[in-house]
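The structure under discussion appears below in the form of structure tokens.
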Amino acid sequence: MSKRVLHIRIDSPGFNSNAIAKAFTELGYEYYPLNWQQSRFLNGVELMRTFVINEAVRLNPDIIFCHIQNSDAFDLQTWKSLSEVGKVINYTFDVRF
């Protein structure tokens, strides 16, 4: 049985997370994408947080790979709730000062 990964990803006109998605699938993970920015823009930050947590609970992934480069996207309670579902990795790849 393969492991599941929920990829809370960034997709925008100038960037997408397809390379990360490809890496997970090539490594044999069951891959589930979730575009947190789209949800935030459509529904607001509070509903986005609830949606992300509910999707994590529904999918029950082994790994929750978060690509978050926005300090106000998730609050502490969101991170705690996600960590109760699976192992959380917050990948920022941010080298700005």
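Some observations on this one:
- Within the stretch 1-25, tally of residues that are of a type outside the set (A, V, I, L, M), part of a loop (DSSP other than H, G, I, E, B) and surrounded by fewer than 17 Cβ atoms within 10 Å (Cβ to Cβ): 6
- Residues of the stretch 26-79 that turn out to be aliphatic (A, V, I, L, M) and outside any helix (DSSP H, G or I), as a count: 6
- Residues of the stretch 80-97 satisfying the condition of being of a type in the set (A, V, I, L, M, F, W, C), in a loop (DSSP other than H, G, I, E, B) and on the phi < 0 side of the Ramachandran plot: 85, 95, 97
- Screening 35, 43, 54 for residues that are open to solvent by 80 Å² or more (accessible area, probe 1.4 Å), under 13 Å from the mean Cα position of the chain (by Cα) and of a type outside the set (A, V, I, L, M) leaves exactly one candidate, 54.
- If you go through the stretch 43-69 and keep only what is touching a helix residue (DSSP H, G or I) at 6+ places or on another chain (Cβ under 8 Å) and not basic (Lys, Arg), you end up with 43, 47, 48, 51, 52, 53, 56, 64, 65, 66, 67, 68.
The values are calculated or read from the model by the stated rules, or taken from the named source; none is laboratory data. Source: prediction; values computed, not measured. Because the Cβ atoms are built from the backbone with ideal geometry, glycine has one as well, and the counts that use them run over all protein chains shown. All accessible areas refer to the heavy atoms of the entire protein, side chains included, with ligands and DNA or RNA removed. Shrake-Rupley method; radii C 1.70, N 1.55, O 1.52, S 1.80 Å.
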